[in-house]
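Encoded as structure tokens, the structure appears first; notes follow it.
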Amino acid sequence: MPPDGGAANPPPEGDAYKAPGLDESIREVGQAGRATVDSAKHTLRSLRRLASFEFALARSAFGRALAWSGVAIVFGASAWLLLAGTLIALMQRWGLSWFHSLLITSILSLAVTGYAIWRVSFFFRHTGMHATRRQLARLGLFDEPHEDDPEGRDDETERTR
């Protein structure tokens with residue numbers, strides 16, 4: 001629009017400006033359409049590749065989490081029983097009561113169990129496919145509700161019922 005707020009002047013007629021022909025305009029629109037389709041194909045190919053890598057990471061992380069779970073179960077069920085019995089006998093020999101001996105070995109057992117749980121949760125976190133979710137959200141597909149999204153929050157009155 002011109003600075004005075006009026007309607008824009010039409011392009012000058014004659015030799016100074018020549019509008020493109022209809023066939024040239026159709027050709028340009030066709031090229032733009034092909035470029036858009038090629039871009040969409042490239043985007044989908046990249047998204048498919050990302051999802052493939054995410055599934056591979058999730059599969060690997062799930063296997064590692066199961067392996068650590070197995071380690072935690074084996075450690076907790078077999079070797080620890082023998083070690084706990086040995087520690088209790090040793091503390092009894094040092095003059096500690098049964099109560100204190102059992103308490104110390106129980107606390108140690110809980111600490112090892114806590115470490116194993118932390119490792120399992122660390123590897124299970126990789127199964128969430130976070131990069132794929134971010135890319136899908138950027139494309140506007142499969143958006144997950146956010147805290148600042150008023151449509152994504154539950155109604156306050158529904159929670160209090």
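Determine the per residue accessible area of the range 89-133 with all protein chains present and a 1.4 angstrom probe, expressed in square angstrom.
Using a 1.4 Å probe on heavy atoms only, each residue of the range 89-133 averages 72 Å².
Note the full-extension length gain between THR113 and ALA137 as 0.36 nm times their separation in residues minus their Cα-Cα distance, in nm to one decimal.
Here the segment from THR113 to ALA137 would lengthen by 4.9 nm.
Solvent-accessible area per residue for the range 44-83 at a 1.4 Å probe radius, Å²?
71
Which percent of the accessible heavy-atom area of the range 44-94 goes to carbon and sulfur, probe 1.4 angstrom?
On the range 44-94, the fraction of accessible area on carbon and sulfur atoms equals 72 percent.
Read phi for every residue in the range 77-84 and hand back ³J(HN,Hα) as whole Hz from Karplus 6.51 cos²θ - 1.76 cosθ + 1.60, θ = phi - 60°, with x for Gly and Pro.
With the stated coefficients, the range 77-84 comes to 8, 10, 5, 5, 4, 5, 5, 5 Hz.
The values are calculated or read from the model by the stated rules, or taken from the named source; none is laboratory data. The structure presented is a predicted model; accordingly, all values stated were derived computationally and were not measured. Remember, those area values only see protein heavy atoms, side chains included, never the ligands or the DNA or RNA. Shrake-Rupley method; radii C 1.70, N 1.55, O 1.52, S 1.80 Å.
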